[in-house]
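Asker: One structure, pasted below without further comment.
Bear in mind that the values in this text are calculations on the coordinates, not laboratory data. The structure displayed is predicted, hence computed values, not measured ones. Note that each Cβ is placed from the backbone with ideal geometry, even for glycine, and that neighbours are counted across all protein chains shown.
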Amino acid sequence: MTGAVWNTSGSRNVYSFDGFGDVIQAPNSPSLNISGNITINLWAKIGRNISLAFIDKPTYHQQYEFVVESTGKLAMNWRAPDIQSGSADTPLPSSYVGAWHMYSIVVNCSGAVNGTMTFYIDGVSNGSKKF
């Protein structure tokens, strides 16, 4: 863990991030592998012209990342040889830069080679792609 601070104030215990190089790293575990449908939700305040990995699992057997690309797009890249692989992105509205929003990706695997990734911003669909 780098930079994140455990915060016990309020009604919940959470990690606080100041937005400058904060990282929480978990050891690789089979429990982190995607084995079917998955939804990832997070709150973030995104700056301009940056690349940012919200979630990054870079191990060989199964890799995935939920990122903001420097081109201003949200992207999900996924390589899971025992299931399937896919990649999708959606434009991030410029009005969302610099403000807090909830970002979500829903991955639905409908078979060995078919599936859909859908992006949501503040609970509203912001694009979908089949893989």
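Asker: Extension gain Arg12-Gln25, at 0.36 nm per residue separation less the Cα-Cα distance, in nm?
Answerer: The Arg12-Gln25 span can extend by a further 2.6 nm.
Asker: Express the relative contact order of the chain as a whole percentage, based on alpha carbon pairs under 8 Å and six or more residues apart in sequence. Display every interim value, and only then the final one.
Answerer: Details: 247 pairs, mean separation 24.0, N = 131.
Relative contact order of the chain: 18 percent.
Asker: Okay, moving on. How long are the semi-axes of the equivalent ellipsoid of the stretch 30-130, taking √(5λ) for every eigenvalue λ of the Cα gyration tensor, in whole Å from largest down?
Answerer: Numbers: eigenvalues 113, 41, 25 Å².
Whole-Å semi-axes of the equivalent ellipsoid: 24, 14, 11.
Asker: Could you tally the net charge around Met76, taking each other residue with its Cβ under 10 Å from the Cβ of Met76, Lys/Arg +1 and Asp/Glu -1?
Answerer: In short, -1.
Asker: Which one, Gly36, Gly72, Gly86, has the greatest fluctuation when you compute a Gaussian network model over the chain with C-alpha springs under 10 angstrom?
Answerer: In this elastic network of the chain, the residue with the biggest mean-square fluctuation among Gly36, Gly72, Gly86 is Gly36.
Asker: Taking the number of other C-beta atoms within 10 Å as the exposure measure, put Lys130, Lys73, Lys57 in order starting with the fewest. Could you put the intermediate results ahead of the total?
Answerer: Working: Lys130 11, Lys73 15, Lys57 18.
The most exposed by this proxy come first: Lys130, Lys73, Lys57.
Asker: To the nearest 20 debye, what is the magnitude of the charge dipole of the chain about its Cα centre, counting +1 on the Cβ of each Lys and Arg and -1 on the Cβ of each Asp and Glu?
Answerer: 180 debye
Asker: Quick one: check the C-alpha center-to-center distance for the stretch 2-28 versus the stretch 95-110, whole angstrom.
Answerer: 20 Å
Asker: Rounded to the nearest 0.05, what FRET efficiency do Ser125 and Val5 give with R0 = 41 Å and r taken as the Cβ-Cβ distance? Could you check? Display every interim value, and only then the final one.
Answerer: Working: r = 34 Å, r/R0 = 0.82.
So, using R0 = 41 Å, E works out to roughly 0.75.
Asker: Listing Arg79, Arg12 from the residue with the fewest other Cβ atoms within 10 Å to the one with the most, what is the order?
Answerer: Exposure proxy ranking, most exposed first: Arg12, Arg79.
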